[in-house]
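Here is the structure we will look at.
The values are calculated or read from the model by the stated rules, or taken from the named source; none is laboratory data. Being a predicted model, the structure only gives us computed values, none of them experimental. As a convention, Cβ positions derive from the backbone with ideal geometry for all residues, glycine included, and neighbour counts pool all protein chains shown. Areas reflect the complete protein model, heavy atoms only, side chains present, ligands, DNA and RNA absent. Shrake-Rupley method; radii C 1.70, N 1.55, O 1.52, S 1.80 Å.
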Amino acid sequence: MWNELLTIGKNYFKKENLKKNLFNLFLLLAGTFILSFGSGLFLIPFGIVSGGMTGITILTSFFISPDVMSYILSWVFFIIGFIFLGVKFTISSIISTIFYPIFLSIALRSGLLELFIPILIGGDAKIIIENGVIQNLNSLSLDIGLLLIIGVLGGALVGIGCSLTFHAGGSTGGLDILTFIISKYTGLKESIPFFCLDGTVVLIGIIIDMVGGDHIKLISGFIGIITAFITSSLVEVIYSGNASAYMVDIISDKKDEILSFVLNELDRSATLFEVTGGYSNEKKIMIRVCFSRREYVKIKNGIAKIDPNAFCTFSQTLFIGGLGFEKINTSEAESIKLIKKINKKAKK
(Lines give C-alpha, C1' and ligand atoms only; values in the text may rest on other atoms or scores of the structure.)
Protein backbone atom coordinates (compact mmCIF):
# COMPACT_ATOMS: atom_id res chain seq x y z
CA MET A 1 0.00 0.00 0.00
CA TRP A 2 2.73 2.48 1.01
CA ASN A 3 4.76 1.62 -2.09
CA GLU A 4 1.68 2.28 -4.20
CA LEU A 5 1.12 5.67 -2.54
CA LEU A 6 4.81 6.52 -2.98
CA THR A 7 4.64 5.65 -6.68
CA ILE A 8 1.53 7.80 -7.15
CA GLY A 9 3.26 10.69 -5.36
CA LYS A 10 6.44 10.40 -7.46
CA ASN A 11 4.47 10.29 -10.72
CA TYR A 12 2.39 13.29 -9.62
CA PHE A 13 5.44 15.53 -9.09
CA LYS A 14 7.37 14.43 -12.18
CA LYS A 15 8.36 17.43 -14.28
CA GLU A 16 6.48 16.22 -17.36
CA ASN A 17 3.29 15.64 -15.33
CA LEU A 18 3.41 18.59 -12.93
CA LYS A 19 1.81 21.25 -15.17
CA LYS A 20 -1.10 18.99 -16.09
CA ASN A 21 -1.55 17.81 -12.49
CA LEU A 22 -1.59 21.38 -11.14
CA PHE A 23 -4.26 22.32 -13.69
CA ASN A 24 -6.27 19.25 -12.68
CA LEU A 25 -5.86 20.26 -9.03
CA PHE A 26 -7.28 23.68 -9.90
CA LEU A 27 -10.25 22.02 -11.64
CA LEU A 28 -10.81 19.74 -8.64
CA LEU A 29 -10.84 22.67 -6.22
CA ALA A 30 -13.04 24.78 -8.51
CA GLY A 31 -15.47 21.90 -9.01
CA THR A 32 -15.62 21.15 -5.29
CA PHE A 33 -16.14 24.86 -4.51
CA ILE A 34 -19.04 25.18 -6.98
CA LEU A 35 -20.55 21.90 -5.76
CA SER A 36 -20.43 22.93 -2.10
CA PHE A 37 -21.80 26.43 -2.70
CA GLY A 38 -24.58 25.09 -4.92
CA SER A 39 -25.57 22.81 -2.05
CA GLY A 40 -24.94 25.32 0.75
CA LEU A 41 -26.71 28.34 -0.73
CA PHE A 42 -29.57 26.71 -2.64
CA LEU A 43 -30.38 23.11 -1.70
CA ILE A 44 -29.66 22.83 2.04
CA PRO A 45 -31.35 26.08 3.21
CA PHE A 46 -34.59 25.23 1.38
CA GLY A 47 -34.55 21.53 2.28
CA ILE A 48 -34.37 20.39 -1.35
CA VAL A 49 -33.38 16.73 -1.06
CA SER A 50 -32.00 15.64 -4.43
CA GLY A 51 -30.15 12.57 -3.21
CA GLY A 52 -26.49 11.96 -2.46
CA MET A 53 -24.59 12.96 0.64
CA THR A 54 -26.12 16.46 0.58
CA GLY A 55 -29.59 14.91 0.83
CA ILE A 56 -28.53 12.87 3.86
CA THR A 57 -27.14 15.99 5.59
CA ILE A 58 -30.48 17.75 5.03
CA LEU A 59 -32.44 14.80 6.46
CA THR A 60 -30.24 14.76 9.56
CA SER A 61 -30.13 18.56 9.99
CA PHE A 62 -32.62 18.34 12.89
CA PHE A 63 -29.91 16.68 14.97
CA ILE A 64 -26.60 17.84 13.53
CA SER A 65 -25.47 20.67 11.27
CA PRO A 66 -25.13 19.67 7.58
CA ASP A 67 -21.49 20.76 7.36
CA VAL A 68 -20.54 18.76 10.47
CA MET A 69 -22.41 15.76 9.08
CA SER A 70 -20.61 16.19 5.76
CA TYR A 71 -17.24 15.99 7.58
CA ILE A 72 -18.31 12.72 9.19
CA LEU A 73 -19.84 11.14 6.06
CA SER A 74 -17.00 12.25 3.75
CA TRP A 75 -14.36 10.50 5.82
CA VAL A 76 -16.53 7.46 6.63
CA PHE A 77 -17.15 6.89 2.90
CA PHE A 78 -13.49 7.58 2.13
CA ILE A 79 -12.33 4.91 4.59
CA ILE A 80 -14.92 2.43 3.28
CA GLY A 81 -13.75 3.12 -0.28
CA PHE A 82 -10.13 2.71 0.75
CA ILE A 83 -10.91 -0.72 2.21
CA PHE A 84 -13.11 -2.06 -0.60
CA LEU A 85 -11.90 -0.20 -3.72
CA GLY A 86 -8.21 0.27 -3.05
CA VAL A 87 -5.75 3.14 -3.07
CA LYS A 88 -5.89 4.19 -6.73
CA PHE A 89 -9.64 4.73 -6.80
CA THR A 90 -9.99 6.30 -3.37
CA ILE A 91 -7.11 8.72 -3.83
CA SER A 92 -9.09 10.37 -6.65
CA SER A 93 -11.68 11.55 -4.11
CA ILE A 94 -9.22 12.92 -1.53
CA ILE A 95 -9.55 16.58 -2.63
CA SER A 96 -13.35 16.57 -2.39
CA THR A 97 -13.19 14.63 0.88
CA ILE A 98 -11.00 17.34 2.43
CA PHE A 99 -12.38 20.51 0.86
CA TYR A 100 -16.11 19.87 0.35
CA PRO A 101 -16.93 20.11 4.10
CA ILE A 102 -14.64 23.15 4.43
CA PHE A 103 -16.31 25.03 1.56
CA LEU A 104 -19.73 23.98 2.84
CA SER A 105 -18.90 25.38 6.29
CA ILE A 106 -17.93 28.68 4.67
CA ALA A 107 -21.24 28.79 2.77
CA LEU A 108 -23.30 27.99 5.87
CA ARG A 109 -21.40 29.75 8.65
CA SER A 110 -19.80 32.86 7.14
CA GLY A 111 -22.99 34.94 7.14
CA LEU A 112 -23.53 34.50 3.39
CA LEU A 113 -26.92 32.85 3.96
CA GLU A 114 -28.24 35.82 5.94
CA LEU A 115 -27.17 38.16 3.13
CA PHE A 116 -27.96 35.96 0.13
CA ILE A 117 -31.36 34.43 0.96
CA PRO A 118 -33.27 37.72 1.50
CA ILE A 119 -31.96 38.90 -1.89
CA LEU A 120 -32.95 35.58 -3.45
CA ILE A 121 -36.53 35.40 -2.16
CA GLY A 122 -37.23 39.14 -1.66
CA GLY A 123 -39.53 40.62 0.97
CA ASP A 124 -38.90 41.81 4.51
CA ALA A 125 -40.01 38.67 6.36
CA LYS A 126 -37.79 37.46 9.20
CA ILE A 127 -35.88 34.36 8.19
CA ILE A 128 -35.03 31.81 10.88
CA ILE A 129 -32.02 29.66 10.00
CA GLU A 130 -30.88 26.77 12.17
CA ASN A 131 -28.12 24.38 11.16
CA GLY A 132 -28.09 25.98 7.73
CA VAL A 133 -31.77 25.17 7.03
CA ILE A 134 -34.60 27.73 6.94
CA GLN A 135 -37.01 26.74 9.72
CA ASN A 136 -39.96 29.00 8.81
CA LEU A 137 -40.44 28.27 5.12
CA ASN A 138 -44.23 28.03 5.52
CA SER A 139 -44.54 31.54 6.99
CA LEU A 140 -42.46 33.03 4.17
CA SER A 141 -45.23 32.26 1.64
CA LEU A 142 -42.75 31.27 -1.03
CA ASP A 143 -44.00 31.03 -4.60
CA ILE A 144 -43.69 27.47 -5.95
CA GLY A 145 -42.17 28.85 -9.14
CA LEU A 146 -39.43 30.58 -7.15
CA LEU A 147 -38.75 27.39 -5.19
CA LEU A 148 -38.46 25.53 -8.50
CA ILE A 149 -35.99 28.11 -9.82
CA ILE A 150 -33.92 27.73 -6.62
CA GLY A 151 -33.88 23.94 -7.12
CA VAL A 152 -32.86 24.30 -10.77
CA LEU A 153 -30.05 26.75 -9.93
CA GLY A 154 -28.80 24.51 -7.13
CA GLY A 155 -28.93 21.42 -9.34
CA ALA A 156 -27.12 23.26 -12.14
CA LEU A 157 -24.29 24.36 -9.84
CA VAL A 158 -23.94 20.86 -8.41
CA GLY A 159 -23.88 19.41 -11.94
CA ILE A 160 -21.22 21.89 -13.09
CA GLY A 161 -19.14 21.22 -9.98
CA CYS A 162 -19.31 17.45 -10.42
CA SER A 163 -18.42 17.74 -14.13
CA LEU A 164 -15.31 19.83 -13.42
CA THR A 165 -14.26 17.30 -10.80
CA PHE A 166 -14.72 14.40 -13.24
CA HIS A 167 -12.84 16.29 -15.99
CA ALA A 168 -9.88 16.56 -13.64
CA GLY A 169 -9.89 12.80 -13.15
CA GLY A 170 -11.25 13.06 -9.62
CA SER A 171 -14.33 11.89 -7.79
CA THR A 172 -16.78 13.71 -5.54
CA GLY A 173 -16.63 10.78 -3.12
CA GLY A 174 -19.59 10.49 -0.76
CA LEU A 175 -22.42 8.20 -1.77
CA ASP A 176 -20.76 7.54 -5.14
CA ILE A 177 -18.25 5.32 -3.33
CA LEU A 178 -21.07 3.04 -2.14
CA THR A 179 -22.32 2.93 -5.73
CA PHE A 180 -18.98 1.63 -7.01
CA ILE A 181 -18.67 -0.88 -4.16
CA ILE A 182 -22.14 -2.33 -4.87
CA SER A 183 -21.35 -2.45 -8.58
CA LYS A 184 -17.99 -4.15 -7.96
CA TYR A 185 -19.37 -6.94 -5.77
CA THR A 186 -22.73 -7.51 -7.51
CA GLY A 187 -21.79 -6.98 -11.16
CA LEU A 188 -24.58 -4.41 -11.59
CA LYS A 189 -24.08 -1.38 -13.82
CA GLU A 190 -23.15 1.69 -11.76
CA SER A 191 -26.31 3.50 -12.86
CA ILE A 192 -28.56 0.99 -11.07
CA PRO A 193 -27.20 1.35 -7.49
CA PHE A 194 -26.67 5.07 -8.15
CA PHE A 195 -30.34 5.70 -8.88
CA CYS A 196 -31.45 3.28 -6.16
CA LEU A 197 -29.37 5.03 -3.46
CA ASP A 198 -30.28 8.55 -4.59
CA GLY A 199 -33.91 7.54 -5.07
CA THR A 200 -34.01 6.09 -1.55
CA VAL A 201 -32.69 9.34 -0.05
CA VAL A 202 -35.25 11.42 -1.99
CA LEU A 203 -38.09 9.04 -1.08
CA ILE A 204 -37.19 9.11 2.63
CA GLY A 205 -37.22 12.92 2.48
CA ILE A 206 -40.68 12.98 0.90
CA ILE A 207 -42.06 10.48 3.43
CA ILE A 208 -40.68 12.52 6.37
CA ASP A 209 -42.28 15.69 4.97
CA MET A 210 -45.60 13.90 4.38
CA VAL A 211 -45.65 12.53 7.92
CA GLY A 212 -44.68 15.93 9.33
CA GLY A 213 -47.39 17.65 7.30
CA ASP A 214 -44.98 20.38 6.16
CA HIS A 215 -46.54 21.63 2.91
CA ILE A 216 -43.62 23.68 1.62
CA LYS A 217 -40.98 21.08 2.52
CA LEU A 218 -43.08 18.42 0.78
CA ILE A 219 -43.03 20.56 -2.36
CA SER A 220 -39.27 20.98 -1.89
CA GLY A 221 -39.01 17.19 -1.76
CA PHE A 222 -40.70 16.79 -5.12
CA ILE A 223 -38.60 19.62 -6.56
CA GLY A 224 -35.61 17.56 -5.42
CA ILE A 225 -36.48 15.02 -8.12
CA ILE A 226 -36.28 17.74 -10.78
CA THR A 227 -33.04 19.02 -9.23
CA ALA A 228 -31.49 15.54 -9.45
CA PHE A 229 -32.50 15.34 -13.12
CA ILE A 230 -30.94 18.76 -13.83
CA THR A 231 -27.71 17.70 -12.11
CA SER A 232 -27.40 14.40 -14.00
CA SER A 233 -28.29 16.09 -17.32
CA LEU A 234 -25.59 18.73 -16.89
CA VAL A 235 -23.01 16.11 -15.96
CA GLU A 236 -23.97 14.22 -19.13
CA VAL A 237 -23.67 17.33 -21.32
CA ILE A 238 -20.55 18.91 -19.76
CA TYR A 239 -18.55 15.81 -18.82
CA SER A 240 -19.26 13.62 -21.87
CA GLY A 241 -19.56 16.69 -24.09
CA ASN A 242 -22.95 15.43 -25.26
CA ALA A 243 -20.88 13.24 -27.56
CA SER A 244 -22.57 12.33 -30.82
CA ALA A 245 -19.95 9.77 -31.80
CA TYR A 246 -19.70 6.24 -30.44
CA MET A 247 -17.61 3.15 -30.95
CA VAL A 248 -18.29 -0.54 -30.42
CA ASP A 249 -15.89 -3.49 -30.32
CA ILE A 250 -17.60 -6.80 -31.19
CA ILE A 251 -16.34 -10.35 -30.78
CA SER A 252 -18.71 -12.96 -32.17
CA ASP A 253 -18.73 -16.39 -33.77
CA LYS A 254 -21.04 -14.86 -36.39
CA LYS A 255 -18.63 -12.16 -37.48
CA ASP A 256 -19.46 -12.43 -41.18
CA GLU A 257 -23.19 -11.83 -40.56
CA ILE A 258 -22.46 -8.90 -38.24
CA LEU A 259 -19.99 -7.41 -40.73
CA SER A 260 -22.59 -7.75 -43.49
CA PHE A 261 -25.14 -5.96 -41.29
CA VAL A 262 -22.69 -3.11 -40.57
CA LEU A 263 -21.72 -2.68 -44.24
CA ASN A 264 -25.13 -3.15 -45.87
CA GLU A 265 -27.78 -2.14 -43.36
CA LEU A 266 -25.96 0.34 -41.18
CA ASP A 267 -23.99 1.65 -44.17
CA ARG A 268 -20.86 1.97 -42.09
CA SER A 269 -17.38 0.58 -42.52
CA ALA A 270 -15.51 -1.44 -39.91
CA THR A 271 -11.99 -2.30 -38.80
CA LEU A 272 -10.98 -5.90 -38.11
CA PHE A 273 -8.44 -6.93 -35.47
CA GLU A 274 -7.06 -10.36 -34.70
CA VAL A 275 -7.34 -10.84 -30.92
CA THR A 276 -6.41 -13.64 -28.54
CA GLY A 277 -8.49 -14.68 -25.54
CA GLY A 278 -6.59 -14.30 -22.28
CA TYR A 279 -8.18 -17.39 -20.72
CA SER A 280 -8.85 -19.67 -23.70
CA ASN A 281 -5.85 -18.55 -25.78
CA GLU A 282 -8.24 -18.81 -28.73
CA LYS A 283 -7.71 -16.46 -31.69
CA LYS A 284 -10.75 -14.53 -32.95
CA ILE A 285 -11.57 -11.50 -35.07
CA MET A 286 -12.80 -8.35 -33.34
CA ILE A 287 -14.93 -5.90 -35.31
CA ARG A 288 -14.66 -2.20 -34.45
CA VAL A 289 -17.39 0.12 -35.69
CA CYS A 290 -17.69 3.89 -35.30
CA PHE A 291 -21.20 5.32 -35.49
CA SER A 292 -23.36 8.28 -34.50
CA ARG A 293 -25.64 8.65 -31.47
CA ARG A 294 -28.80 8.17 -33.53
CA GLU A 295 -27.53 4.76 -34.75
CA TYR A 296 -26.90 3.40 -31.24
CA VAL A 297 -30.22 1.57 -30.84
CA LYS A 298 -30.14 0.28 -34.41
CA ILE A 299 -26.68 -1.29 -34.14
CA LYS A 300 -27.34 -2.68 -30.65
CA ASN A 301 -30.59 -4.33 -31.76
CA GLY A 302 -28.95 -5.58 -34.97
CA ILE A 303 -26.14 -7.32 -33.07
CA ALA A 304 -28.60 -8.78 -30.54
CA LYS A 305 -30.71 -10.19 -33.38
CA ILE A 306 -27.73 -11.84 -35.12
CA ASP A 307 -25.87 -13.10 -32.05
CA PRO A 308 -27.29 -12.47 -28.54
CA ASN A 309 -24.08 -13.96 -27.08
CA ALA A 310 -21.74 -11.54 -28.86
CA PHE A 311 -19.25 -9.78 -26.58
CA CYS A 312 -19.67 -6.03 -27.14
CA THR A 313 -18.03 -2.97 -25.64
CA PHE A 314 -19.83 0.29 -26.38
CA SER A 315 -18.04 3.57 -25.63
CA GLN A 316 -18.44 7.28 -26.26
CA THR A 317 -15.61 9.04 -28.03
CA LEU A 318 -14.44 12.63 -27.67
CA PHE A 319 -14.14 13.01 -31.43
CA ILE A 320 -14.34 10.94 -34.61
CA GLY A 321 -13.19 12.68 -37.76
CA GLY A 322 -12.96 11.67 -41.38
CA LEU A 323 -15.23 10.35 -44.10
CA GLY A 324 -18.77 9.93 -42.79
CA PHE A 325 -18.09 12.02 -39.67
CA GLU A 326 -16.86 15.53 -38.88
CA LYS A 327 -14.13 17.17 -40.92
CA ILE A 328 -10.78 17.19 -39.13
CA ASN A 329 -9.60 20.75 -38.56
CA THR A 330 -6.49 22.00 -36.81
CA SER A 331 -6.97 23.97 -33.63
CA GLU A 332 -6.85 27.78 -33.75
CA ALA A 333 -3.46 27.79 -32.04
CA GLU A 334 -1.97 25.36 -34.55
CA SER A 335 -3.43 27.36 -37.44
CA ILE A 336 -1.79 30.57 -36.17
CA LYS A 337 1.56 28.77 -35.83
CA LEU A 338 1.23 27.45 -39.40
CA ILE A 339 0.45 30.93 -40.80
CA LYS A 340 3.44 32.44 -38.96
CA LYS A 341 5.67 29.68 -40.31
CA ILE A 342 4.48 30.30 -43.89
CA ASN A 343 4.99 34.07 -43.54
CA LYS A 344 8.48 33.54 -42.14
CA LYS A 345 9.44 31.38 -45.11
CA ALA A 346 7.91 33.92 -47.54
CA LYS A 347 10.06 36.75 -46.08
CA LYS A 348 13.20 34.67 -46.60
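Work out the P(r) tail for region 105-235: percent of alpha carbon pairs separated by more than 18 Å, whole number.
Details: 5493 of 8515 pairs.
Pairs farther apart than 18 Å: 65 percent.
Could you work out the mean projected area of the convex hull around the alpha carbons of region 26-182, in square nanometres to one decimal?
Numbers: hull surface 35.8 nm².
Mean shadow area of the hull around the Cα atoms is 8.9 nm².
Which order, highest average first, do 258-266, 91-99 follow once you tally other Cβ atoms within 10 Å for each residue and take the mean per peptide? Don't skip to the answer; put the middle values down first.
Values: 258-266: 15.8, 91-99: 21.0.
Packing order, densest peptide first, comes out as 91-99, 258-266.
Report the rotationally averaged projected area of region 241-307 based on its alpha-carbon convex hull, in square nanometres. Could you put the intermediate results ahead of the total?
Working: hull surface 20.4 nm².
Computed as one quarter of the Cα hull surface, the answer is 5.1 nm².
Could you let me know the centre-to-centre spacing of region 84-135 and region 244-295, using Cα atoms, in angstrom?
For region 84-135 versus region 244-295, the Cα centre distance is 48 Å.
Determine the share of region 18-79's accessible area contributed by carbon and sulfur atoms, expressed in whole percent, with a 1.4 angstrom probe. Walk me through the numbers before you get to the answer.
On the way: 1980 of 2380 Å².
Solvent-exposed carbon and sulfur of region 18-79 make up 83 percent of the total.
May I ask you to compute the full-extension gain from GLU114 to ASN301, defined as 0.36 nm times their residue separation minus their alpha-carbon distance, rounded to one decimal in nm?
Values: separation 187, 0.36 × 187 = 67.32 nm, distance 5.51 nm.
Using 0.36 nm per residue and subtracting the Cα-Cα distance, I get 61.8 nm.
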